[in-house]
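Chemist: Following this message is one structure expressed as structure tokens.
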Amino acid sequence: MPGARRRRVVCPIRLPPAAPGLRIGLYGGSFNPPHPGHRHVALTALRRLRLDRVWWIVTPGNPLKDVRELASEEKRLAATRAVAKHPRFAVTGFEAELGVVYTVETLRFLLLRRPDLRFVWIMGADSLASFHRWRHWREMASLVPIAIVDRPGWTLRAATSRAAEALARARVPERDATLLPDLPAPAWTLLHGPRSNLSSTVLRRTQRVVDTR
């Protein structure tokens, strides 16, 4: 009809499929590039927390990092899928569809969209050391339990970080890690064990050296 306004079609945000009640690990990052060390963190959380699934959330960009070195989302999604091959892993880029930058916004959305799932946020010990710099980090800690996987050189710095000290009363003994997905937030634990020395930053530097030869 001439002159009529076109109705805007809003596409629903696509999330990985999951049956109600599942224990879902949320593993967010720029994955620039993804590597076996990331897979090690995801596998550690999957096994030690007895999760049903781990969602690898490829973010549009990290507000605390230089985005000038960030590869396109399409390339990072494809590379992450190649690294994260596992029947219980799903790779998603829904944050870009949602238009969010900060993790706290992602968690708010997921808890509203899928209140029937039991979420756990997964991150490396290096992220816990800087967690107090994240936007609304205290709120984030109050939304979902958090599992921290140890990384070389970060054990002590993570355990004595500002966020770890602020959330000391919410720390769950590592021996009770399997209970974490069922606990109300705030609740967190630090998982020790075999560690990977791989780093996305080092891999990017190495690639730049190769490219300039």
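Chemist: Given the Cα-Cα distance of ARG114 and LYS85 and 0.36 nm per residue of separation, how much length would full extension add, in nm?
Modeler: Difference between extended and current length: 8.0 nm.
Chemist: Treating segment 23-212 as a set of equal point scatterers at the Cα positions, no solvent, please give the Debye-formula log₁₀ I(q)/I(0) at q = 0.17 Å⁻¹.
Modeler: Values returned for q = 0.17 Å⁻¹ are -1.17.
Chemist: Let me ask you something else. Provide the packing ranking of 85-96, 38-49, i.e. peptides ordered by the mean count of other C-beta atoms within 10 Å per residue, highest first.
Modeler: 38-49, 85-96
Chemist: Something else: For THR160 paired with GLU97, estimate the spin-label separation in nm (one decimal), with each label point 7 Å from Cα along the Cα-to-Cβ line.
Modeler: Going from the THR160 label point to the GLU97 one covers 4.5 nm.
Chemist: Let me ask something else. In square nanometres and to one decimal, what's the mean projected area of the convex hull around the Cα atoms of segment 22-127?
Modeler: Averaging across all directions leaves 6.5 nm² for the Cα convex hull.
Bear in mind that the values in this text are calculations on the coordinates, not laboratory data. Just so we're clear, the structure is a prediction, and the values are computed from it rather than from any experiment. Here Cβ is always computed from backbone atoms with ideal geometry, including for glycine, and neighbour counts include all displayed protein chains.
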